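In what follows, a structure is listed as structure tokens, so that the remarks can point back to it.
The values are calculated or read from the model by the stated rules, or taken from the named source; none is laboratory data. Just so it is clear, the structure is predicted and the values come from calculations on it, not from any experiment. Cβ sites come from the backbone with ideal geometry, for glycine too, and all protein chains shown count toward neighbours. Just so you know, the surface numbers come from the protein's heavy atoms only, side chains and all, with ligands and any DNA or RNA stripped out. Shrake-Rupley method; radii C 1.70, N 1.55, O 1.52, S 1.80 Å.
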Amino acid sequence: MGDTWTGAWILQSERDAAPAGTYRAWTGDPQDCFGFSGDVDLCHADGDGGYTLMTVGWTAEWDGSAWVFDIEGDHQGDSADIIDKIERWEGPYRAAYDGQNIGPDTDGWAVLHDNRCEDVVGVCVQEEGQKHWETIWVRESEAETTYADNPRPSHHSCETVRDSVEICHALGEGQYELLSLPWTVIGSTITGFDPEEFEESGHGAHTGDVIPGFAITDVNDNVLYEFAGLNTDLGPLIDMFGCDPVEGTGSATSSSSEICTAPGGTYGFDVTVSSEHAAVVFSLQRSNGDGTWEDLGPIGQAVGRGETANFTGFVDRAGDYRIIGTAAPAPLLAVTSVAQSEGVEVLPAPLDLYTALFTVTSPSDCATIDGTVVTGVCSDGVPFLDYTVVLDDPQGEVTIPDVATLTFVNDTTADGGSDYVYEVPLETPAGGGTYTDPQGEAGMDTITYSYADGVHTWTGHALWPGGSVDATGTATGWPGWELQADGTYIEVTPENYGWTRDADGVEIMVAVNPETTVSATYPAANPECDGPPPVEICVATDDGGWEGGEISAAEYAANKDSYTVWDEEAANNGCPEPPQEATLEGSVIRLRLCGGLPVGALLADADGPGQHRGLRPR
């Protein structure tokens, strides 16, 4: 191509035969004589906000007034594609294309030339010798290659967050090691801690480790990783004990009283609550001797995790005891102690590691009345209880009361009234001797006292409950019988202490201080004391008279209308008048006729009205 262009005439046939582009139509403008072509870079929009870098061909032709550019494909006119600018010169002539979406009011130039149609991502870089990280923007391909190991910013920020979590690493056999697991967050990247490794093969996979729940966040508190925790119920092992567990223990000591009048003893309980238990409450129990335990209520206060305490107390009797610890109810878990007066509810399942046993023994050589003897006796038909109260007091501890009580215990299923109590006055004449029981019956009212080698003995008699005598000492009452107005008796057992006549005996509680229980049997084997004496009644004789005879009081009480009581001071001894001998004197005979012939007679007996006898002829 020369420096100048001129027009020339050729045959139309020659132009048509020449290769395309060999000849151009002349309009009088030299630009008619040449065209431009080449390649141009563009960013083709993918419809999702991204681009693809492409290089396509283009041509430019003069249309007589301007250069017309034709870019290969459908990119020209696509409002989303970014097409670079084109400029060509031919001598003094210039052909230019302003590009598409690449003007000063767009970021097309940077997208095409700086980013080469790639997405721009932020990376955190740290200049050598600097502590801080800064954000720079690079093409995605560069971020994945040149800056592959660099942290990524969080919301354009590369600020650093450093944190850690403390855990108890299990060493076995209840032992732990305190470890700190640190990490650093640069922007949105976790460094120094690999979550995947932590959960698959690190401490997060160690079933025995104690790890609290934790989260890793960036400077804007965005959660980058979260772990729910492991064995979190043992969390206080970290915070309170630095992974050095406290073993729970409980031990008890006791001291038994040697004073017979103040039996029982004291106990002491030392406890350390395990770091495993938030709070523990304690209660005292006494053995029933059959493998079961009687709960005596809470002792002391609730003791918190890892704490130690000492409780002391008193029990009022000898026996085997234990102290048990149970997990405190939920409302107590937030506190370390609660007063016993607040009514701590002891849960039923004891924690064995706190159980402590102790025994309180009885004092030795204590006073007893085990030698006491009571016996039912019959004296002249009167039922008595003979008693010998024996107080063996080797240590001289007992203050002898004014009376000893003999209580007949009504434990039968029948009513029969309440217990019967007889009070024996207790006197201690110097050197022994006798004295009178003001309640006693004449001749049976003497109490004999003796003392030797710490043993006090009282012997006497007491009228059996329900028994009574008259002024002469004759029996007038018996248990289970009641005197009637006519002087006879009826049986009312179990009333009037009839229940004391049980064939198996009656239980009698003898109390001085101490007390004992003995038994006695009513002297029923002796007929004189069995009940009221026999009743003498009128019995007819064969010759028409009467004589005295006896029946039991029970038979008479049951059938008294059928009997007449024999009374020697009454006329005819209280019996009916004797019957008269029968005669025919004064009798009247009336004949019975039939057809004028006698067929019978009726005799009216003068011995008494209504006495008739029928006669028949032979």
Selection count where residues are over 28 Å from GLY99 (Cα atoms) and open to solvent by 50 Å² or more (accessible area, probe 1.4 Å), scope the stretch 113-135: 9
Which one is most open to solvent (accessible area, probe 1.4 Å), of the residues in the stretch 101-112 that are closer than 18 Å to HIS75 by Cβ and outside any loop (DSSP other than H, G, I, E, B)? TRP109
Residue in the stretch 380-432 that is most open to solvent (accessible area, probe 1.4 Å), counting only those that are closer than 13 Å to HIS456 by Cα and outside any loop (DSSP other than H, G, I, E, B): ASP392
Does the stretch 437-450 hold any residues that are at pLDDT 95 or above and either loosely packed, with under 13 Cβ neighbours inside 10 Å or in contact with a Phe, Trp or Tyr (Cβ under 6 Å, 6 or more places away or on another chain) (or both), and which are they? ILE447, TYR449
Among what's in the stretch 274-288 and is of a type in the set (A, V, I, L, M) and assigned to a strand (DSSP E or B), pick the residue that is farthest from GLY300 (Cα to Cα). ALA279
Can you say whether PRO151 is farther than 16 Å from TRP58 by Cβ and either touching a helix residue (DSSP H, G or I) at 6+ places or on another chain (Cβ under 9 Å) or open to solvent by less than 40 Å² (accessible area, probe 1.4 Å) (or both), as far as the supplied structure shows? yes
Within the stretch 479-500, considering residues that are closer than 14 Å to ASP415 by Cα and outside any loop (DSSP other than H, G, I, E, B), the one farthest from the chain's Cα centre (by Cα): GLY498
State whether the residues of the stretch 232-248 include one that is closer than 30 Å to LEU296 by Cβ, modelled with pLDDT under 95 and open to solvent by 30 Å² or more (accessible area, probe 1.4 Å). yes
Residue count, the stretch 460-487, condition without any contact (Cβ under 8 Å) to a residue 60 or more places away in the chain, out of contact with any Gly (no Cβ under 6 Å at 6 or more places or on another chain) and open to solvent by less than 10 Å² (accessible area, probe 1.4 Å), comes to 1
Looking at the structure I just gave you, is ILE508 open to solvent by less than 20 Å² (accessible area, probe 1.4 Å), more than 60 Å from the chain's Cα centre (by Cα) and not basic (Lys, Arg)? no
Residues of the stretch 157-193 satisfying the condition of being in contact with a Lys or Arg (Cβ under 8 Å, 6 or more places away or on another chain) and assigned to a strand (DSSP E or B): PRO182, TRP183, THR184, VAL185, THR189
Of everything in the stretch 511-527, what is open to solvent by 20 Å² or more (accessible area, probe 1.4 Å) and over 15 Å from GLY466 (Cα atoms)? Give them in sequence order. ALA511, ASN513, PRO514, GLU515, THR516, THR517, VAL518, SER519, ALA525, ASN526, PRO527
So is VAL424 modelled with pLDDT of 95 or more and not aromatic (Phe, Trp, Tyr) or not? yes
If ALA328 meets every condition in (1) of a type in the set (A, V, I, L, M); (2) modelled with pLDDT of 90 or more; (3) touching a His at 6+ places or on another chain (Cβ under 9 Å); (4) under 27 Å from MET240 (Cα atoms) apart from one, which number is that one? (2)
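Are any of the residues in the stretch 196-212 part of a loop (DSSP other than H, G, I, E, B) and either within 18 Å of THR160 (Cβ to Cβ) or in contact with a Ser or Thr (Cβ under 9 Å, 6 or more places away or on another chain) (or both)? Outline the logic, then answer.
First, the residues of the stretch 196-212 that are part of a loop (DSSP other than H, G, I, E, B): 201-202, 206-209, 212.
Next, only the ones that are either within 18 Å of THR160 (Cβ to Cβ) or in contact with a Ser or Thr (Cβ under 9 Å, 6 or more places away or on another chain) (or both) stay: 212.
Yes.
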Evaluate the stretch 18-29: report whether one residue or more is out of contact with any Phe, Trp or Tyr (no Cβ under 6 Å at 6 or more places or on another chain), open to solvent by 90 Å² or more (accessible area, probe 1.4 Å) and at pLDDT 70 or above. yes
The residue from ARG286, ARG317, ARG305 that alone is of a type in the set (Lys, Arg), under 29 Å from CYS243 (Cβ atoms) and open to solvent by 10 Å² or more (accessible area, probe 1.4 Å) is ARG305
What do you reckon, is TYR93 touching a helix residue (DSSP H, G or I) at 6+ places or on another chain (Cβ under 9 Å), hydroxyl-bearing (Ser, Thr, Tyr) and surrounded by 13 or more Cβ atoms within 10 Å (Cβ to Cβ)? yes
Lone qualifier among ALA554, ALA471 - being hydrophobic (A, V, I, L, M, F, W, C), within 26 Å of VAL377 (Cα to Cα), over 60 Å from the mean Cα position of the chain (by Cα) and not in a loop (DSSP other than H, G, I, E, B): ALA554
